[in-house]
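Below: one structure, written as structure tokens.
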Amino acid sequence: MARTSTTSDRTTWAPSRAARELELKRREFDLAVNLGLIRTRQQPPPQPPPRRRSGPLPRLRAALLPAVC
């Protein structure tokens, strides 16, 4: 029995979603990937959080913290 899949503009899916789209069990999908029958993409490495500007923080710290003698 053929299953109607939803169409989407996405080019990548989570492995469990990809297995469902191909009408495979998750273990069958993993085996197909390991055998090279299905190609996968690696996710890009996570980007570090944006750096904060130092701005007025040193001035505020100096004003709020007493000088250590």
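The values are calculated or read from the model by the stated rules, or taken from the named source; none is laboratory data. Just so we're clear, the structure is a prediction, and the values are computed from it rather than from any experiment. So basically every Cβ, Gly included, is an ideal-geometry build from the backbone, and we count neighbours across all protein chains shown.
Taking residue 31 as the residue in question, decide whether it is outside any helix (DSSP H, G or I), without any contact (Cβ under 8 Å) to a residue 12 or more places away in the chain, within 30 Å of residue 16 (Cβ to Cβ) and aliphatic (A, V, I, L, M). For residue 31, the condition - outside any helix (DSSP H, G or I), without any contact (Cβ under 8 Å) to a residue 12 or more places away in the chain, within 30 Å of residue 16 (Cβ to Cβ) and aliphatic (A, V, I, L, M) - is not met.
Within region 4-26, the residues that satisfy the criterion of being at pLDDT 60 or above and not in a helix (DSSP H, G or I) are 9, 10, 11, 12, 13, 14, 22, 23, 24, 25.
If you filter region 32-59 down to residues that are charged (D, E, K, R) and surrounded by fewer than 10 Cβ atoms within 10 Å (Cβ to Cβ), you find that the one that is farthest from residue 12 (Cα to Cα) is 53.
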